[in-house]
Amino acid sequence: MDQYLQRKRPVPLQQATALTNSILTMLVKDMRPMSMVDGEGFREMIRQFNPEYILPSRTHFTHLMEKKYEATLLKVKETIKEVKSALTLTADVWTSRATEAYLGVSCHFISEDWEMKTLNLATMPLEERHSGVNIMTWLEEVIAKYDILPTKIKAVVHDNGGHTLQLIVNNALKEPSISRAVGAARHLPDQWVLLEELTQGLQPFQCATVYLSGQEYATASCLPQLVKGLQRSTQQTRFETGAGKAFLATSLDPRFRKLKFMGAEDGTRVQGTIEVLAIKESDTDSLSEEEDESHEDQKLQMARSEVQMYFAEPAIHKKDDPLRWWRENKGRFPVLSKLARSFLCIPATSTPSERIFSVAGNICSQKRASLSGDHVEMLTFLHFNPE
């Protein structure tokens, strides 16, 4: 009789579609496998909420997820296509509890409104060895999938250098005096004094790691300044200087543009590199050959003037938002603002990609047996790229 009544009073199509889409949204947000809808407890809950609603099968939800993935993929491609500035990729390899390997790839850029944006591009199941050559090949596949021009990619951040701080801490823990203290502390209460001092010594590394792992703000530009502070706190000098991307990002961060943590010679070299990049960046007009020489002179002078004016101004407070400063001052520094948008989008570590796996691990368990590697990628992609 109950079944007959349910058939006589079916849920209207529009309402049923809304309920089904709501369930799919829940599965994506909470990173649950599609097999969850087959659970007796889940089906009983839905019957209590709305006895007239006929819950679709797992196969139906899988099909809906695939369709939503394709639609969202097109939107992400269009978003990347519309980005006028440079992009940065972060990549990391992770092995699940089921010993299945995945490559996570994220894309980072600064929007026209000077906001840091992150998109998830891939959570690829891997079957081959995680060599540098293979990782490069997989990244090339991701780049091709999203029609990204290689010249548009400013940097690729992998997990190799990202764990430098952790390696330093591990190094310190291998020191004989510290190692003995850790072992003896279980039996000798007075050794806790040494461990307390050790904790204080490692505190700057913990703070630096947490800060550099952020993805809502510029991080690569802070790296040299933080490194310098850690050098001072440990009285060690293990990091090379030079005008690498991190140093260029630092010089374009108005909080650190004075480059006080660097020697005068290195600072001059970084500023010189910024000037050269500014000249190249300003070379966007196509003039006739007769105007080329005069245009080159004018372009050179304007670029030098802009760079000199920028570095002559005082640094802003370290708690101020550098992206907000550039949004408010891009009119004064039209060329340098383009460089800043390209360099400040570089994350200091690959932590943004690692976060993918902290969430994906929820479905890479025994319950995940019903999800293929491709469906894991789709579910993760939809989770990190909500509409």
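Observations on the structure shown:
- Residue in region 83-98 that is without any contact (Cβ under 8 Å) to a residue 24 or more places away in the chain and either in a helix (DSSP H, G or I) or over 24 Å from the mean Cα position of the chain (by Cα) (or both) present: no
- Just one of the listed residues (Leu73, Leu24, Leu55) is at pLDDT 90 or above, out of contact with any strand residue (DSSP E or B) (no Cβ under 8 Å at 6 or more places or on another chain), among the aliphatic types (A, V, I, L, M) and not in a helix (DSSP H, G or I), and it is Leu55.
- Within region 111-124, residues that are closer than 17 Å to Leu344 by Cβ sit with their Cβ atoms under 8 Å from residues that are acidic (Asp, Glu), at 6+ positions apart or across chains, in these pairs: Met116/Glu216.
- Pairs with Cβ under 7 Å, 6+ apart, first in region 316-335 and at positive phi and surrounded by 13 or more Cβ atoms within 10 Å (Cβ to Cβ), second among the hydrophobic types (A, V, I, L, M, F, W, C) and part of a helix (DSSP H, G or I): none
- With respect to the conditions (1) among the hydrophobic types (A, V, I, L, M, F, W, C); (2) surrounded by 16 or more Cβ atoms within 10 Å (Cβ to Cβ); (3) modelled with pLDDT under 95, Ala98 lacks only one, and its number is (2).
- Hits in region 55-95 (condition: surrounded by fewer than 16 Cβ atoms within 10 Å (Cβ to Cβ) and aliphatic (A, V, I, L, M)): Ala71, Leu74
- Qualifying residue in region 105-115 (condition: in a helix (DSSP H, G or I), of a type outside the set (Val, Ile, Thr) and out of contact with any helix residue (DSSP H, G or I) (no Cβ under 7 Å at 6 or more places or on another chain)): no
- Which numbered condition Glu240 misses (of (1) over 28 Å from Glu82 (Cα atoms); (2) modelled with pLDDT of 65 or more; (3) assigned to a loop (DSSP other than H, G, I, E, B)): (2)
- Residues satisfying the stated conditions in region 1-21, i.e. at pLDDT 65 or above and either of a type in the set (A, V, I, L, M) or in a helix (DSSP H, G or I) (or both): Val11, Leu13, Gln14, Gln15, Ala16, Thr17, Ala18, Leu19, Thr20, Asn21
- Selection count, region 339-361, where residues are at pLDDT 70 or above and of a type in the set (A, V, I, L, M): 5
- Region 245-258 residues that are buried (at least 23 other Cβ atoms within 10 Å of the Cβ), paired with ones that are charged (D, E, K, R) (beta carbon under 7 Å, 6 or more apart): Ser251/Arg257
- In region 290-301, the condition of being among the charged types (D, E, K, R) and at pLDDT 85 or above is met by no residue.
The values are calculated or read from the model by the stated rules, or taken from the named source; none is laboratory data. The structure displayed is predicted, hence computed values, not measured ones. All Cβ positions, even for glycine, are placed from backbone atoms using ideal geometry, and neighbour counts span all protein chains on display.
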